[in-house]
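S.K.: First, the structure itself, so that you have it in front of you.
The values are calculated or read from the model by the stated rules, or taken from the named source; none is laboratory data. For clarity, every value in this text was computed on a predicted model and none was experimentally measured. Positions of Cβ are generated from backbone atoms using ideal geometry, with glycine treated the same way; all protein chains shown enter the neighbour counts.
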Amino acid sequence: MTEFLFIRHGEPDYTEIDKRKYKGFGNDLAPLTKNGIEQVKNLALSKELKDCNIIITSPYTRTMQTASILSKELNINMLVELDLMEWIPDLSYSYDDYSKVVKWRKQYDINNGKHINASDNWEEKESIQKRVKNVLKKYSNYSKVIVVTHGMVINTLTNVEKPEYAKIIKYSYTS
């Protein structure tokens, strides 16, 4: 059985994103703060990560930066997996106001990740689980895999309510 070590990215820095007034998926370009970088460097010292075979990561800047630091510090190859991305708050990919994302997230939480209204257009919990498990299945031939992704993705698979930045959460994959 493969052991997956989920790691939420380090603390992100939205300063430049906010200055530039990026909207929608522009938020996904945020890098790590200096503190976030240190969080990840400290995490790389963890004995739990020493015998991992590979790092797979979401394609967002904050996760790729986290995975890059781990890859360098641990001397482990890293691969980007599109389907490790964060929850999709608008399946039409057209939102431009973060307050809408907050509203949709509340609906998601209240309804346990299931659409209740015909107008709901956010990604359901079952969809997140399916896409992430499809990625994990590709790596089930390894003994230990680091998965750098997002809090909501980690919560969906592990039920850890609010995963902390740059912390390890163990997950055993079963198909």
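S.K.: Check W122, W104, W87 and return the single one that is part of a helix (DSSP H, G or I) and under 19 Å from D28 (Cβ atoms).
M.R.: W104
S.K.: Can you name the residue in the range 53-63 that is assigned to a helix (DSSP H, G or I) and without any contact (Cβ under 8 Å) to a residue 60 or more places away in the chain and, of all such residues, is surrounded by the fewest Cβ atoms within 10 Å (Cβ to Cβ)?
M.R.: The residue in question is T61.
S.K.: Residues to consider are E11, E73, E48; find the one that is surrounded by 14 or more Cβ atoms within 10 Å (Cβ to Cβ) and either of a type in the set (K, R) or out of contact with any Ser or Thr (no Cβ under 6 Å at 6 or more places or on another chain) (or both).
M.R.: Selected residue: E73, the only one of E11, E73, E48 that is surrounded by 14 or more Cβ atoms within 10 Å (Cβ to Cβ) and either of a type in the set (K, R) or out of contact with any Ser or Thr (no Cβ under 6 Å at 6 or more places or on another chain) (or both).
S.K.: Could you please find all residues in the range 33-48 being free of Cβ contacts under 8 Å to residues at least 40 places away in the same chain, in a helix (DSSP H, G or I) and farther than 20 Å from S143 by Cβ?
M.R.: Listed by number, the residues that qualify are K34, N35, I37, E38, K41.
S.K.: Please tell me if I69 is closer than 30 Å to S140 by Cβ, touching a strand residue (DSSP E or B) at 6+ places or on another chain (Cβ under 7 Å) and either modelled with pLDDT under 95 or not acidic (D, E) (or both).
M.R.: So I69 fails the test.
S.K.: Taking the criterion of being assigned to a loop (DSSP other than H, G, I, E, B) and under 14 Å from S172 (Cα atoms), would at least one residue in the range 142-156 satisfy it? Walk me through it before giving the result.
M.R.: Restricting attention to the range 142-156, the residues satisfying the condition of being assigned to a loop (DSSP other than H, G, I, E, B) are 142-143, 150.
Now drop any that are not under 14 Å from S172 (Cα atoms), which leaves 142-143.
Yes, the range 142-156 has at least one match.
S.K.: Search the range 70-94 for residues that are farther than 30 Å from R105 by Cα and without any contact (Cβ under 8 Å) to a residue 12 or more places away in the chain and pair each with any residue that is among the hydroxyl-bearing types (S, T, Y) and outside any helix (DSSP H, G or I) when their beta-carbon atoms are under 6 Å apart and the residues are at least 6 apart or on different chains.
M.R.: Sorted first by the residue in the range 70-94, then by its partner, the list stays empty.
S.K.: Here's something else I'd like to know. Which of the numbered conditions does N117 fail, given that it passes all the others? Conditions: (1) outside any loop (DSSP other than H, G, I, E, B); (2) farther than 29 Å from N35 by Cα; (3) of a type outside the set (A, V, I, L, M).
M.R.: Checking N117 against (1) outside any loop (DSSP other than H, G, I, E, B); (2) farther than 29 Å from N35 by Cα; (3) of a type outside the set (A, V, I, L, M), the one that fails is (1).
S.K.: Another question, then. Return the residues of the range 98-140 that are among the hydrophobic types (A, V, I, L, M, F, W, C) and in contact (Cβ under 8 Å) with a residue 12 or more places away in the chain; say none if nothing qualifies.
M.R.: V101, W104, W122, I128, V132, V135, L136 - these are the residues of the range 98-140 that are among the hydrophobic types (A, V, I, L, M, F, W, C) and in contact (Cβ under 8 Å) with a residue 12 or more places away in the chain.
S.K.: Could you tell me whether the range 99-110 includes any residue that is within 23 Å of T2 (Cβ to Cβ) and of a type in the set (D, E)?
M.R.: No, that holds for no residue.
S.K.: Which one is nearest to R62 (Cα to Cα), of the residues in the range 78-127 that are among the polar types (S, T, N, Q) and surrounded by 10 or more Cβ atoms within 10 Å (Cβ to Cβ)?
M.R.: S127
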